[in-house]
Amino acid sequence: MAIFPIRTFGDPVLRVRTKPVKDFDAPLHRLAEDMLETMYDAPGVGLAAPQIGVSKRICVFDAGEGPQVLVNPVLVETSGDWEYQEGCLSVPGHYWNIIRPAFARAVGQDLDGNPVEFAGDELLGRVLQHEIDHLEGHLLLTRLDRATRKEAFRTLRNEAFRAPE
């Protein structure tokens, strides 16, 4: 297994919609293992393939129930509202209050291509939505209101241009 560097704000791979997984083979299993190891090392509760530079429709997460893998996910149901301070491994050190649906249900496949479904309130629902956003090429910044997003972009650009000490 390997720990990969996590791609951060500004990396173009984070803005591209991923391609569906077609081959459920040993390399896919290895990718999922590496993603889980990378996620836990970060540490985080979720990681999508683009965050390690892979344009495949796969994400991993652990919202308290142990490690999970979701391939080719689609959100099929959301409901309610829940405001929560949300962060992202690709925007390290920054958190914003973001309103998302409180409940989410996603369907997809496991590592062997079998149908799976995950559904949950609050943290699990948020993690599902957050990781599927990554697979669609969206960072959590797109969930911010216009004024907050503008300030966030300004802050992140300033950090990127700040000289190392």
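The values are calculated or read from the model by the stated rules, or taken from the named source; none is laboratory data. These figures come from a predicted structure and were not determined experimentally. Heads up, the Cβs are rebuilt from the backbone with ideal geometry, glycines too, and the neighbour counts pull from every protein chain shown. Please note that ligands, DNA and RNA were not included when accessible areas were found on the heavy atoms of the full protein model with its side chains. Shrake-Rupley method; radii C 1.70, N 1.55, O 1.52, S 1.80 Å.
Okay, here's what the table says:
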| quantity | calculated |
| --- | --- |
| Verdict on residue 2 being open to solvent by less than 60 Å² (accessible area, probe 1.4 Å), of a type in the set (A, V, I, L, M, F, W, C) and assigned to a loop (DSSP other than H, G, I, E, B) | yes |
| Residue in segment 35-47 that is under 13 Å from the mean Cα position of the chain (by Cα) and in a strand (DSSP E or B) present | yes |
| Filtered residues of segment 123-161 (kept if among the charged types (D, E, K, R) and more than 30 Å from residue 21 (Cβ to Cβ)) | 145, 146, 149, 150, 151, 154, 157, 159 |
| Positions within segment 30-57 being over 12 Å from residue 1 (Cα atoms), open to solvent by less than 10 Å² (accessible area, probe 1.4 Å) and of a type in the set (A, V, I, L, M, F, W, C), in sequence order | 39, 47, 48, 49 |
| Residue that is most open to solvent (accessible area, probe 1.4 Å) [pool: residues in segment 10-29 that are closer than 24 Å to residue 88 by Cβ, in a loop (DSSP other than H, G, I, E, B) and of a type outside the set (Ser, Thr, Tyr)] | 17 |
| Some residue of segment 26-44 being under 17 Å from residue 140 (Cα atoms), of a type outside the set (Ser, Thr, Tyr) and in contact with a Phe, Trp or Tyr (Cβ under 6 Å, 6 or more places away or on another chain) | no |
| Hits in segment 14-44 - residues which are within 14 Å of residue 72 (Cα to Cα) and β-branched (Val, Ile, Thr) | 18, 21 |
| Residue pairs meeting the criteria (Cβ under 7 Å; at least 6 apart or on separate chains; first farther than 14 Å from residue 29 by Cα, in segment 42-58; second acidic (Asp, Glu) and open to solvent by less than 40 Å² (accessible area, probe 1.4 Å)) | 45/62; 46/131; 48/131 |
